[in-house]
Every structure is written in structure tokens, then in C-alpha cells.
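Engineer: Starting off with a structure, shown below.
The values are calculated or read from the model by the stated rules, or taken from the named source; none is laboratory data. These numbers were taken from a predicted model, which means no experiment stands behind them. Note that each Cβ is placed from the backbone with ideal geometry, even for glycine, and that neighbours are counted across all protein chains shown. The protein model used for the area step is the full one, side chains on, heavy atoms only, and it has no ligands, DNA or RNA in it. Shrake-Rupley method; radii C 1.70, N 1.55, O 1.52, S 1.80 Å.
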Amino acid sequence: SHPLLCPPGIKCGGVLSAPSGNFSSPNFPGLYPYETECTWLIVVAEGSSVLLSFSHFELEYHDACAYDYLQVYNGAARDRGNLLGTFCGHSPPPPFSSAWHVMAVVFRSDRHVAKHGFAAAYRKDACGGQLTGLSGEITSPRYPESYPNDAECRWSIGGTGSGGPLTLVFADFQMEGGQGCGFDYVALFDGPTVAAPRLGRYCGNARPPRTVSSTPHLLIIFKSDFNIGGRGFKAHFYSAGECQEVFTTVKGNFSSPQYPNFYPNNLKCQWSIRLPPGYRVKIFFLDMELEGRSSLTGGCDYDHLSAFDGGTENGSLLGRWCGRESLAPVTSRSNRLLLVLHTDRNTAKRGFSISYVGVVPMNVSCTRTDFHIQIPVQSLAQLERNRIYLGTPSCAAQVVGRNFKIHTRFDTCGTESQRRNNTSVIISTLYIDFSVGDQEDIHQYEVQCEPKRKEASVTLIAGPDPSRLSQAENLVDVQQREGEAMDAREIKSQDTSDIVFISICILAGLLMVIAVVGLVLL
């Protein structure tokens, strides 16, 4: 046999459950064997965390670590949502602090080029360490019990790959006070070391303010002196950009972190869409694959995406989704919509891709001969009236009071007659041109009138990306709600054709009565 093949007697991997310990690659400090795979699962007491560090590290190098590698997982191995990093070459991994009481390490070698391998140590409840990932939680030692005296902990957050700033929010804070925070304190630095600008130094019982770094790194230092303690603190961090975004443009798109690759575990991400007053937000699910429903309850109890009307989690729930589903578009009832992604500790999937468009509030009505269209000026305040037209640019809107108005006869403005469901209808297309420079951006709405009933409807037919919107959703209910909210004086229109029609009917009736009376008299 080959001298570097793993002999059957060499122990490789296993479960490590002591409060602290050491482990290393097979044969260390000698050359590790070829074609070997080892998994160490570190399990400490529930409620504790694991600090993992490497004293020696030398594996075969490859720029993508495709040959020999070591992987560190924040939880069970082989769950891509738990992966903290893949390492090879001569640069040792940073110290890692787990988000819960389980951590896994996987070592794998191929059939060529062996090196000396690695040596690692772990211990439970050690404070501080390198925290990667898009979101996480940190607590003072022994939280919520009183923290120990003479403690010093350093958490370095960063290296997520997203490159965005970090946000830190304290959920609980109780420490020894004192002027200048000279006894026990938490200090925050805008970078990976104490040489970076200091963002704040806090003590006492007042929760520190929400803190946002200007770099992709944040250093948190906790220090206690020789007496008088407190409950300590609990804080959450997340990387802005991929996991926390606010949109104010009339259309846009976004996706789950790392999409189309697997999203991380232990996330709470929020996307807030805030449009001008009067708009509705319509979201389109282009792709979605999350962890599936619970086999016990049938509900989305694990990873799930929720939509809330009104921009906060206190708003009414518009939907809660999980698994792999093809979803119909969802329209908000106000000008704000909040999407929240929760992921738990295991089983990550591909995630989602979503686009949205602001549905312009409008009132569309018709007579037997005319279309009447009204849009509040405040909804399209940045547009000139010639950017809003029916059928052709020559049929542009007029500004009347607080509204853009289009009042046109059916025989103009590119209208056409069609039969739908055995009914004659009049169809035209309303264009709203949001284009800026070379970026063409024209939203199209189909307006339809059934002259016999004088019933009008409007449907968004092109918004974020016409090729993706195979099924347009009828928005007449949205328009009706908008119409009810508008100033009644603004939406009245004189239906002259109906007055003429009724007058002719009355005149014809009178002539018939005269004719009958004349016959009787004869």
C-alpha cells in the first residue's frame, strides 16, 4: 500500500463533547494521508458557544481550495447555510466563535500532494472571536447571568464577502455604570482593530444606540473590572446591502443573500419598499426555493418569507411562504411593503428572486363613446404631462387641478374594438414614461371599456420586465379603492352622450303617444 494512505488504525474525526480540547489532522505533525475525509463535531452544553482556533495550518494550495481543504461549520456539517469558510494553503483560518453550542470541522485530502496538516483547539464559553456571516448574535459571558469579573472579550465581525457596512443593535444592556465608563464597558470600533475610529463606549443601564459601521468590519470589546457586575448585554448584528435594504424607486429587484447559491442559516433579513403616497406595491416572484413545510404542522415553521402591508411587522400579513412554489403576484394595500426572510439553524436552499413595480393610482371610467382617465399629480410629480399618454404621444394628459387627465373619444388615440368573452370591448394602452437618459423605462397599462355597461378596468401589462410577467393581474380593485379616496369634485365628468341618448328616448316616446292618440281620434 502507499505510505500516505490512511491506515485503518488511525483515528479520524469524531464527536468532541468535553468543555475544551484539541484535535489535528491524521499523522500530525507528519504528512497527512491521501484520500482522507474526517469530520469533527464539537458539541458543548446547550446555551454555550464554541471558540475554535488554529495553532498550525499547512494544506495543499489551490485558489478555490478544490484539492485538499478544511471547512468550518456553524452547526452541523454539510449544511451549506452553516458554512463559515473553506481554507487551504498556509494561511490559518481566524479564530471562530459559534452562534450556538454545535460546531463542525471537515478535513479532506485528494490523491496528490500531502502537507503537514493542522492543529486546532476549542473551548466552550470563551468570549470573543471572529464572527462571519451576514447576521448573528453576541452576548456577554454567562448572559443572562451576571458576567464574571476581570473579563476581556473581543469580537471581530467582518469578512462576509458582501463588502457592505455592518449594523449592531443591542437588545439588552445592564452593566456597572460610572462617569467616563472607566470600570466595566463595551467599546465599538469602525474597523478590525483598536486603531480604527471609535464609534462609542457604553456602560450603565441605558441601551446603546443602533450603530452602523462605515466599513465591512466592526470590533466590539467588552471589559469588566475586579468588582460589581451586571446582567451584561445581548446584541444582534447584520450586514447591510444583502440583508437589509430600503427601496424608494418606482421599480426594482432584489434576491436573498448569496442567491442563486444557498443562503446562510440564522438570518433575519428585511427589504422595505417605500413609494410616494397613493402608489401600491406589486411584487413578482421570479424564483423561490426555501426549506419546506413542517411535516408535523403543515406550516412554514422553519425558513420562511413574509410580506407585511404598511412597512412594519405590525402591519397586516399579506402572505407567508416557504418550500418551492410558483406564486402569483402580490399587491399591497398601501404605498409601503415589508418583506422579511427568517432562516433557522439548518437546511438552507437556493432562496428567492423578486422584482417589484409601483402601481400608479388612477381612476379609469368610460361612457358609451369616451375614456376618462385621472392620475393624481403627486403620484407622478417628477413627470411632464407629455410623458403620460393614451395610445400615441399626441394623446398626452392635461393637468387639471390636482390631476393628470385624459378625456378622449373611442375613435382616437389608438383605441380598437375587440370581442372578449362574447362581449364587445374597447381597448387602448396607457403609457407612463419614466425613462431617464438612455435608460428606457416605460410602464404600460391596458385600459378596457365595455360600452354597453359603461364599465372600465385597467391592467398592468408591462412593468419590471415584460418577458417575466406572463400573467398580468387585473388591478381594477386597486383603482376602485383609489377612486373612492379621490376628491369627488375631481372625478365627476359630464356624460353628454348619455344625456343625448336619454333625450332621444323621451322624444321618441312622446311622438309614439301623439301618434296613438291621433289614431284613436281618427
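Engineer: Accessible area of the stretch 244-359 with a 1.4 Å probe: how many percent of it is carbon plus sulfur?
Structural biologist: Here it works out to 44 percent.
Engineer: Spin-label point model (7 Å from Cα, Cβ direction): what's the Ala45 to Glu152 distance in nm?
Structural biologist: According to this spin-label approximation, the distance is 2.6 nm.
Engineer: How far apart, in nm, are the 7 Å Cα→Cβ label points at Leu327 and Val377?
Structural biologist: Label at Leu327, label at Val377, 3.8 nm between them.
Engineer: Calculate, for Arg78 and Lys454, the FRET efficiency according to 1/(1 + (r/R0)^6) with r their C-beta to C-beta distance and R0 45 Å; round to the nearest 0.05.
Structural biologist: 0.10
Engineer: Eigenvalues of the Cα gyration tensor times 5, then square-rooted: what semi-axes does that give for the stretch 363-462, in whole angstrom, largest first?
Structural biologist: 24, 15, 11
Engineer: Run the quick spin-label model on Ala66 and Arg274: label points 7 Å from Cα toward the beta carbon, then report their separation in nm to one decimal.
Structural biologist: The answer from the label model is 4.6 nm.
Engineer: Please list the equivalent ellipsoid semi-axes of the stretch 244-359, computed as the square roots of five times the alpha-carbon gyration tensor eigenvalues, in descending order and whole angstrom.
Structural biologist: Three semi-axes, in Å: 24, 14, 12.
Engineer: Starting from the Cα-Cα distance between His56 and Asp172, subtract it from 0.36 nm times their residue separation and give me the gain in nm to one decimal.
Structural biologist: 38.0 nm
Engineer: Tell me which chymotrypsin sites (Phe, Trp or Tyr not before Pro) from the stretch 202-290 have a DSSP coil assignment and no more than 12 other beta carbons within 10 Å of their own.
Structural biologist: Phe226
Engineer: Now a separate question. What is the gain in length, in nm to one decimal, between Arg201 and Ser20 on full extension, counting 0.36 nm per residue of separation less the C-alpha to C-alpha distance?
Structural biologist: Additional length available on full extension: 62.0 nm.
Engineer: Also: Length gain on complete extension for the stretch Thr193 to Arg210, per 0.36 nm per residue less the alpha carbon to alpha carbon distance?
Structural biologist: Length gained, Thr193 through Arg210: 4.1 nm.
Engineer: To the nearest 20 Debye, how big is the dipole of the stretch 13-125 about its Cα centre, given +1 on the beta carbon of each Lys and Arg and -1 on that of each Asp and Glu?
Structural biologist: 160
Engineer: Still on this structure, I have one more. Apply 1/(1 + (r/R0)^6) to the Cβ-Cβ distance of Gln444 and Arg320, taking R0 = 35 Å, and write down the FRET efficiency to the nearest 0.05.
Structural biologist: 0.65
Engineer: Let's test the formula: R0 of 56 Å, r as the Cβ-Cβ distance of Ser394 and Ser295. What FRET efficiency results, to the nearest 0.05?
Structural biologist: 0.35
Engineer: Right, another one. What is the Cα centroid distance between the stretch 12-82 and the stretch 138-200, reported in whole angstrom?
Structural biologist: That distance is 28 Å.
Engineer: Return one whole number: the accessible area per residue of the stretch 329-443 in Å², for a 1.4 Å probe.
Structural biologist: Each residue of the stretch 329-443 exposes 45 Å² on average to a 1.4 Å probe.
Engineer: Please express the Cα-Cα pair-distance distribution P(r) of the stretch 223-284 as a list of whole percents, one per 5 Å bin, running from 0 to the bin with the greatest distance.
Structural biologist: All Cα pairs, binned at 5 Å, distribute as 4, 11, 19, 15, 12, 10, 8, 7, 5, 5, 3, 1 percent.
Engineer: Can I get the semi-axes of the stretch 289-431's equivalent ellipsoid? Compute them from the C-alpha gyration tensor as square roots of 5 times the eigenvalues, in angstrom, largest first.
Structural biologist: So the equivalent ellipsoid measures 43, 19, 13 Å along its semi-axes.
Engineer: Any chance you could list P(r) for the stretch 130-237, counting all Cα-Cα pairs in 10 angstrom bins from zero, rounded to whole %?
Structural biologist: Spelled out per bin, shortest first, that is 16, 50, 29, 5, 0.
Engineer: May I pose another question? Tell me which residues come under 5 Å, amide H to amide H, from Phe118 once H is placed; ignore anything under 5 positions away on its chain.
Structural biologist: Amide H to amide H, under 5 Å and 5 or more residues apart or across chains, Phe118 pairs with Ser25, Glu58.
Engineer: Okay, next question. What is the spread of the Cα atoms of the stretch 24-156 along each of their three principal axes, largest first, in whole Å?
Structural biologist: On the principal axes, the stretch 24-156 reaches 52, 29, 24 Å in Cα extent.
Engineer: For Ile442, what is the net charge nearby, where nearby means another residue's Cβ is under 10 Å from its Cβ and Lys, Arg count +1, Asp, Glu -1?
Structural biologist: The answer is -2.
Engineer: Something else: Can you tell me the convex hull volume per residue for the stretch 403-448, based on C-alpha atoms, in Å³ to the nearest whole number?
Structural biologist: Taking the convex hull of the Cα positions in the stretch 403-448, it is 105 Å³ per residue.
Engineer: Further, regarding this structure: When the accessible area of the stretch 363-462 is computed with all protein chains present and a 1.4 Å probe, what percentage of it is carbon and sulfur?
Structural biologist: Here it works out to 42 percent.
Engineer: Listed here are the pairs Lys268/Lys349; Lys124/Lys234; Lys11/Lys124; Lys405/Lys454; Lys223/Lys268; Lys282/Lys454; which of them are more than 20 Å apart at the Cα?
Structural biologist: Lys11/Lys124; Lys223/Lys268; Lys282/Lys454
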